[in-house]
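Visitor: This is the structure, below, for whatever I ask next.
The values are calculated or read from the model by the stated rules, or taken from the named source; none is laboratory data. A quick note: this is a predicted structure, and the numbers were derived from the prediction, not measured. As a convention, Cβ positions derive from the backbone with ideal geometry for all residues, glycine included, and neighbour counts pool all protein chains shown. The accessibility values were calculated without ligands, DNA or RNA, using every heavy atom of the protein model including side chains. Shrake-Rupley method; radii C 1.70, N 1.55, O 1.52, S 1.80 Å.
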Amino acid sequence: MVRGLLNKLVSRSLSVAGKWQQQQLRRLNIHEYQGAELMNKYGINVPKGIAVSSVDEAKNAVQTAFPDAKELVVKSQILAGGRGLGTFKSGLKGGVHIVKVDQVEDYAGKMLGQILVTKQTGPQGKVVSKVYLCEKLSLTNEMYFAITLDRITAGPLIIACRKGGTSIEDLAENFPDMIIKVPIDVFQGITDEDAAKVVDGLAPKTADRKDSIEQVKKLYKLFCECDCTLLEVNPMAETSENQLVAADAKLNFDDNAAFRQKAIFALRDPTQEDPREVDAAKADLNYIGLDGEIGCMVNGAGLAMATMDIIKLHGGTPANFLDVGGNASEGQVVEAFKILTSDEKVKAILVNIFGGIMKCDVIASGIVNAAKQVDLKVPVVVRLEGTNVDQGKRILKESGLTLITAEDLDDAAEKAVKAAY
Ligand code: GDP
Ligand code: MN
């Protein structure tokens, strides 16, 4: 019984830790049209395309960029995959449409400003602020190609599959034997032999083998030079002109490289991100938005996860993961508090601080200052322990704020759940 409970708690913590780590690792995601432009610079074959943000722009683009086209692909630009099979909240099915040129304006109008929901967006969906108009290629074959960072070989890993178009999860389930993996020695770089192995894995039917090897090498060059954490081309397509073409790509970049990838990081589109996470990133807080009702402010990732688990154990659900860190300033505490109180789903706030390097009086002053600046409509439960705890408690008491104080973590979680529901 106890073991079962422990397992449950640990697995929950691990999944949050996973999400946190993932976000730490691949912070920047760019739009398809931006990725295509970057790939084009590296000599990678991409469909000709132009991104537009209004029906008028779409009309102009058709006339100037595609005077001879009969059909075009109209693609919603959101920072999430699965668009082809997505549905707009307006009812329109599909975020990617192949249409006759005289229908382009109509479709651009139906997509722009609308919310597209896909397997990857969550039920709230993402707003389409741009559509990407692309030449329609006659695809004769769809394959899968990706470069990622591999923990086991501690370096770049190229993944290729002769089938593509559907997600790698589905490919792994349906065609596990067709997926090949080629680790690359990051010091040596990609060799002709490595690239040839990848091309064998893609097994193009008509594309020239030498050209294909060159395309793979160019993709690898981009991955390294641009500090990517992921470069996924799906589909890597073959056209009737016997060429490999990156028909759709997802590129992620390592946040730690922002200082030397200024042009790429300038492409960040905050309108596609969770606004709570955008604000948190500005204040340099470790924050992940979740769907529950209890806002958490905790110091230390481990304590933050334990706090979330105990909330869950008492029948509540956390609204976020927030680690204010070991040496947060009063200003950061104020920012953290603002993010929690501006979240309409939050019905109670639980502050759980174990003072070490982080001092309880700093947290207390932060809470008091924040309370002066925001309209505090929800109950706040505070549990302070550790360095300067007495000063912290005194500051809270003398502030005149109505706070619910708790003795320990269990007591705090119980009180927060009671207060929220
Ligand atoms: P995703 O659903 O977000 O991955 O969007 P994609 O850009 O991959 O588009 C979905 C699907 O549309 C692709 O897997 C292709 O089958 C199809 N598609 C996209 N562009 C073209 C094109 O130029 N020609 C043809 N025939 N199909 C295309
Ligand atoms: Mn795709």
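Visitor: How much of the accessible area of the chain, probe 1.4 Å, is carbon plus sulfur, in whole percent? Show your work: numbers first, answer last.
Guide: On the way: 10540 of 20630 Å².
Ligands and nucleic acids excluded, carbon and sulfur give 51 percent.
Visitor: Report the accessible area of Ser54, computed with a 1.4 Å probe over the heavy atoms of all protein chains in place, in Å² rounded to the nearest 10.
Guide: 40 Å²
Visitor: Taking the Cα centroid of segment 67-107 and of segment 198-241, what is the distance between the two, rounded to the nearest whole Å?
Guide: So the separation of the two Cα centres works out to 25 Å.
Visitor: With every protein chain kept in place and ligands, DNA and RNA left out, what is the accessible area per residue of the chain? Probe 1.4 Å, answer in Å².
Guide: Values: 20630 Å² over 421 residues.
Dividing the accessible area of the chain by its residue count gives 49 Å².
Visitor: A follow-up question, please. Taking the chain as the reference, fit the longest principal axis to its C-alpha atoms, fit the long axis of helix 32-41 to the helix C-alpha atoms, and give the angle between the two in degrees, 0 to 90, nearest 10.
Guide: 50 degrees
Visitor: I would also like to ask the following. Nothing charged except the Cβ atoms of Lys and Arg (+1) and of Asp and Glu (-1): what's the magnitude of the dipole of the chain about its Cα centre? Round to the nearest 20 debye.
Guide: 520 debye
Visitor: Please give every one of the lysines within straight-line cross-link reach of Lys418, meaning a C-alpha to C-alpha distance under 26 Å, and leave out same-chain neighbours fewer than 8 residues apart.
Guide: Lys8, Lys312, Lys338, Lys345, Lys347, Lys372, Lys377, Lys393, Lys397
Visitor: Right, something else. Starting from the coordinates of the alpha-carbon atoms of the chain, obtain the Kirkwood hydrodynamic radius over all distinct pairs and give the value in Å to one decimal. Intermediate values should be presented prior to the final figure.
Guide: On the way: mean 1/r = 0.0416 Å⁻¹.
After inverting the pairwise mean of 1/r, the radius is 24.0 Å.
Visitor: May I ask you to derive the FRET efficiency for Ser342 and Lys221 from their Cβ-Cβ distance with R0 = 41 Å, giving the value to the nearest 0.05?
Guide: Numbers: r = 44 Å, r/R0 = 1.06.
My answer for the efficiency is 0.40.
Visitor: Which Cα, out of Met178, Ile213, Ser167, lies furthest along the positive dipole direction of segment 165-266 (beta carbon charges, K/R +1, D/E -1)?
Guide: Ile213
Visitor: By how many degrees, 0 to 90 and rounded to 10, does the Cα axis of helix 301-313 deviate from the longest principal axis of the chain?
Guide: Computed tilt is about 80 degrees.
Visitor: Lys pairs in segment 61-207, Cα-Cα under 18 Å, at least 8 apart or on separate chains: how many?
Guide: 27
Visitor: How many angstrom lie between the C-alpha centres of segment 304-327 and segment 165-194?
Guide: The two parts, judged by their Cα centres, are 37 Å apart.
Visitor: Also: Taking the Cα-to-Cβ direction at Asp185 and at Lys210 and moving 7 Å from each Cα, how far apart do the two end points lie in nm?
Guide: Distance between the two pseudo-spin positions: 2.6 nm.
Visitor: May I ask what percent, to the nearest 5, of DSSP beta bridges between residues of segment 275-421 are antiparallel? Working shown, then result.
Guide: Working: 4 of 20 bridges.
Roughly 20 percent of the beta bridges in segment 275-421 run antiparallel, per DSSP.
Visitor: Suppose only helical runs count, i.e. DSSP H with n ≥ 4. What mean residue ellipticity at 222 nm does that imply for the chain under -39500 (n - 2.57) per run, divided by all residues and rounded to the nearest 500 deg cm²/dmol? Let's see the in-between values first.
Guide: Details: 14 runs with 162 residues, N = 421.
Helices in the chain give a 222 nm mean residue ellipticity of -12000 deg cm²/dmol.
Visitor: Kindly express, to the nearest 10 degrees and within the range 0 to 90, the angle between helix 330-342's C-alpha long axis and the longest C-alpha principal axis of the chain.
Guide: Approximately 70 degrees, to the nearest 10.
Visitor: For the chain, give me the percentage of DSSP beta bridges that are antiparallel, rounded to the nearest 5 percent.
Guide: Working: 54 of 70 bridges.
In the chain, approximately 75 percent of DSSP beta bridges are antiparallel ones.
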